[in-house]
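For reference, the structure is listed below as structure tokens.
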Amino acid sequence: MAESRADVPYGVLDLFVLKTLDAMGPLHGFGLARRIEQTSGQRLQINQGSIYPALLRLEQNGWIRHEWGTSEKNRRAKYYALTDAGRRQLERQVESWERTAAIVALFLEAAP
Amino acid sequence: MILRRWLTSARTRLRGAAAEHELDDELRTHLEMAVEENLARGMSEREARRTAHRDLGGVTAVKEARRQADSLYWLDTLLQDLRYGARVLRRSPRFTVAVVLVLGLGVGMTTAVFAIVDSVLLNAVPFAEAHRLVELHRFGPTGGGPSQPAAMVESWRDERTLFDGVEAYVRVERVFTGGGEPETMQGARISPGLLPLLGVAPELGRAFALDEAADAVAIVSHSTWLTRFGGDADIVGRPLRFTDGALTIVGVMPASFRFPDAYTVFWEPLDVGRRAASGDAGGHRVSVVARLGRDVTFEQADARAAALAPQWNPEWFSTGYTTRLRSLNQLAGLGVDGQFAWVQQRRAALFLLFGLAACVLLIACANAANLFLSQALSRTREFAIRAAAGAGRLRLCRQLLTEAVLVSALAGLLGLAFAGWLVGLADAAVPPEFGRGVLNPIDVDGRVVSWAAVAALLAGVAATLAPALRTVGRDLMQPMQGSASDPARGHGRLRGGLVAVQNALAVVLLIGTLLMGRALWTLLDVDLGWTAENAVALEPRLAGPRYEGVEARSRFLAQLADLTAAVPGVELAAPAEQVPSFASMISFGRLDTDDADIAQAVVTTNYVPNRYFAAAGIPILEGRGFDADAAAADAALVSRDLADRLWPPGAAVGQRFRMPGLAALNDGDWLTVVGVAGSVHTNAFGGAERPDPYEIYLPWASRGGLWRQPRFVLVRTAEGADPIGLLKEQVWRLDPALPVTVHAMDDVVAAAFAQPRFLTTLLAAFALLAVLLAGAGLYAVVAYETSARTQEIGVRVALGATRGAVIRQVLSRSLLHSATGAALGLLGAAALTRLLAPLLNATTATNSATFAAAAAFLLAAGAAGAWLPARRAARTDPMAALRAE
């Protein structure tokens, strides 16, 4: 392990999954996991396996849905895609994160 | 939202193994893709595979994490806990049966008592928003009753700010001819809006339509439907036949519906308008029920009604009379005229019963807690292993709680069954004095079931809480390190305390029962002054124009007496105005003799022929009967009590007395005593507050007073004869359409004692259960303590202690527990007897012999419970005990 990697705060993984699906369109589990790792620049401590519980949670909330498809290498794979409710949820979460981040930033600047 | 999550989850679950496979496939694909990528990066085949697995984090772990992420995960753990709990309970069946039995009996008893208390006190009016239901009474300086001129119903209906609805009813009695023999049926004519006003609807058919007020239609009660129409589903449209015409049945009310009282078995429409047009001063009377408006308080409506009524109808509401409201809650059940002492007594008795039932439940809880405690101790190792395997304290607690809930559920079911049986007994034993009362039948209804569920759950959780906290709160690893410390030490005080509490409560119950039993015994021991065995009273329903007036009724009853006297098996038959043990016409007034007077005498007058005394078994103690003066207008017999009250011993015959202004007694003219009859105790249960009235007998053939109303023929039958069928036929020989009731007098007398007997039986059952539980609890504790002390006892025996010494030591320890409890219990009982005092009548409440007996009984039960373990301890083989170390 080259550098220390940050733990993922609870709920952030859900946001990453939604955002990634929004940006990339339908993806399978491995693709999602790799994509999230790449985007975070390997700075996050994410077990690839941990996206599967997250996917189940998101699907039971009705924010994503799945479909069986075939990968580039002709493998049967489960593809996940954002639903309309998921898109709305993403907007809400992004907004809430930006607000939180702004407040934290403000607080840090103001503090002596 | 949450529901949709569960639904999605449930849908996945229904696919079961297929969904599980899907995850396997998904993860396999994931790994294959990762391996491929790693190979492409130049790793070796083995390294690529290892890295892929490491990055994923392990297939099993992912699957577990996913299971936990599922929205129905809690259900999984719950089912797991339940399965595990059921297995634990099955593994120790004796423990399970004991706990379920103990808690079930406790829950059953409280539930049964709750069913009574709920019907009679808490929910006496089982209609929607019953607190807004009122009756409009005519009230004056000397009291009042539920009557209003029919015309005023319309006026009240116009007061929309006061009432949301105003309806009326009148009671009716008709002779039903649709069955085998003519039979009186109590019914009510109700304005069509009454059922909707009460918020009830028929279970079959329909309610009355608003324009149906004048039609010949009827709704019948559930019991009538079952007993008279065999529960026929096509009853709607069938006729309900009476001597004075038939009504077409349009509906059946549910079994729980009782209005205006429990005896009403059919309803027909009341035409308020037509009733208002007949009679004077605003039409014939009706009873009026109203629902208060939402924005009006009872007091406001009451004051307004009192102000309005005399303005509308000054003729009816004259000289201080007006309309007052009475809430239905106050009128029904034991709310009836709350100022009467006996109502308050009954109410106190019920609450007391409830408290005692709660005592039994507490004892049961303490007992179950002890059982759980010993069970938990023997499971210490199991919990340690589970904790070592990674189960958190919370999870262990939840496991114990789940077991408690399982036990509670079983106990609740058992309790409900037990309560159902008890309630059946109670319903038969509830005395008729509850009267118009009990609009809410005493049965296991929804409220009672919820009560049982809550009681069982609370009891189960209370019983497991202490052991659960003790077990889980300990250092769970300790038992794994061997048996160096005594696990029982920490529990000793708790267990001893629980036993003491049980014993204390048991003593309280025992003393209560003994006192009630003594009171009942005193009651049953009272010489009634007449002979109820082999006596039968015939009561034909003499209604209608044919039986108007004293002459017609007297003639009929005399004829009937002659006919019945000729029936085989009948020794004697006499017509009578009253017979003992029936609510009698009682008169109050000043009673004068030549030398003395009673300012406020309570008397009952009975017009009888001479043979009545023989038929009733009442002895003539002085003078003679009515033989010689059968028609003398001024001859009278008085009861022993009255003679003793008025004249010196033996001097009554020949004296004269009168009650001025009492029409029932010869219009107040002087009467001459021709004999003294034995006093009859009609009111043995009434206690000092309701003394027996003095009896005054007048000749059957004399002219009779204004209020005279002959009702009975009293028949004395031969020993072993059962001529009841033949007796009824004699009535129908005279009038085939006449309904007749046959009262077996010993049953009537027994019914008068139904309530004290019921209370005592119930209390005895409570006490017996309490003592059993306390004894069993002591046994469990002593058995556990002695087994934990096997080594110590072994050493003692090795050092030369005799068997007797060991037994003495164990017994004295157990006696310490029960004696502490008994002492506490005696204190509690002293307080209890003060509450019981009104129910105990003659017996002196604080009775040291009773107290001593109860304490001795309990100590004996404790000694019996401790005896087995003590003997077992005495047999301890010192070598075996020491070798175990």
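Put in order of Cβ neighbour count within 10 Å, fewest first, the listed residues A:Ile64, A:Ile103 become A:Ile103, A:Ile64.
Of the trypsin sites (Lys or Arg not before Pro) found in region B:203-275, those that fall in a DSSP loop while having at most 15 other beta-carbon atoms within 10 Å are B:Arg206.
Positive end of the dipole of chain B (Cβ unit charges, origin at the Cα centre): among B:Asn610, B:Ala369, B:Val454, the Cα lying farthest that way belongs to B:Ala369. Sequence-ordered 3J(HN,Hα) estimates for region B:767-779 from the Karplus curve with 6.51, -1.76 and 1.60 and θ = phi - 60° stand at 5, 4, 4, 4, 5, 4, 4, 5, x, 5, x, 5, 4 Hz, glycine and proline given as x. Counting other Cβ atoms within 10 Å as a rough exposure proxy, the listed residues B:Thr605, B:Thr790, B:Thr297 run B:Thr297, B:Thr790, B:Thr605 from fewest neighbours to most.
Taking the helices alone, chain A has a mean residue ellipticity at 222 nm of -18000 deg cm²/dmol, built from -39,500 (n - 2.57) per DSSP H run of at least 4 residues and averaged over all its residues. The dipole here belongs to chain B: it is taken about the Cα centre, uses +1 on the Cβ of Lys and Arg and -1 on the Cβ of Asp and Glu, and is about 4540 debye. Amide H contacts under 5 Å for B:Leu572: B:Arg716, restricted to partners 5 or more places along the chain or on a different chain, H placed in the peptide plane at 1.01 Å from N.
Using the Cβ-Cβ distance between B:Asp211 and B:Thr761 with R0 set to 45 Å, the FRET efficiency works out to roughly 0.30. The mean sequence separation of alpha-carbon pairs under 8 Å and at least six residues apart, normalised by the residue count of region B:98-199, gives a relative contact order of 18 percent.
Coupling constants for region B:801-818 follow from the phi torsions by the Karplus curve (6.51 cos²θ - 1.76 cosθ + 1.60, θ = phi - 60°), and in residue order they are 5, 7, 4, x, 5, 5, 4, 4, 4, 5, 4, 5, 5, 5, 5, 4, 4, 6 Hz; glycine and proline get x. Put simply, the amide H of B:Ile249, placed in the peptide plane, has neighbours under 5 Å in B:Ala218, B:Gly237, B:Arg238, B:Leu240, leaving out anything fewer than 5 places away on its chain. Of the residues B:Ser155, B:Leu505, B:Ile190, the one whose Cα sits farthest toward the positive end of the charge dipole of chain B, with +1 on the Cβ of Lys and Arg and -1 on the Cβ of Asp and Glu, is B:Leu505. Within the straight-line cut-off of under 26 Å between alpha carbons, the lysines reachable from A:Lys73 are A:Lys19, B:Lys63, sequence neighbours fewer than 8 places apart in one chain being disregarded. Taking amide H as placed 1.01 Å from N in the peptide plane, the amide H of B:Gly293 sits under 5 Å from that of B:Phe163, B:Asp164, each at least 5 places away or on another chain.
Legend: mean number of C-beta atoms from other chains within 10 angstrom of residue C-beta atoms, peptide B:26-37, equals 5. The trypsin sites (Lys or Arg not before Pro) of region A:23-101 that DSSP puts in a loop, and whose beta carbon has at most 10 other beta carbons within 10 Å, are A:Lys73.
Across region B:540-555, rounded Karplus estimates of 3J(HN,Hα) from the backbone phi angles (6.51 cos²θ - 1.76 cosθ + 1.60, θ = phi - 60°) give x, 7, 7, 10, x, x, 5, 10, 7, x, 4, 4, 5, 5, 4, 4 Hz, Gly and Pro being marked x. Counting other Cβ atoms within 10 Å of each Cβ, which trypsin sites (Lys or Arg not before Pro) in region B:90-191 have at most 12 and sit in a DSSP loop? Those that pass, being in a loop and sparsely packed, are B:Arg160. Going from the fewest other Cβ atoms within 10 Å to the most, the residues B:Ile235, B:Ile190 appear in the order B:Ile235, B:Ile190. Please work out whether chain B counts as rounded, prolate or oblate from its C-alpha gyration tensor, where a ≥ b ≥ c are the square roots of the eigenvalues and a/c under 1.5 means rounded, while otherwise a/b larger than b/c means prolate and anything else oblate? Oblate.
FYI, it's all coordinate maths here, none of it is from the lab. Note that the structure is predicted; figures quoted are calculated from it, not measured. Virtual Cβ from ideal backbone geometry, glycine too; neighbours counted across all protein chains shown.
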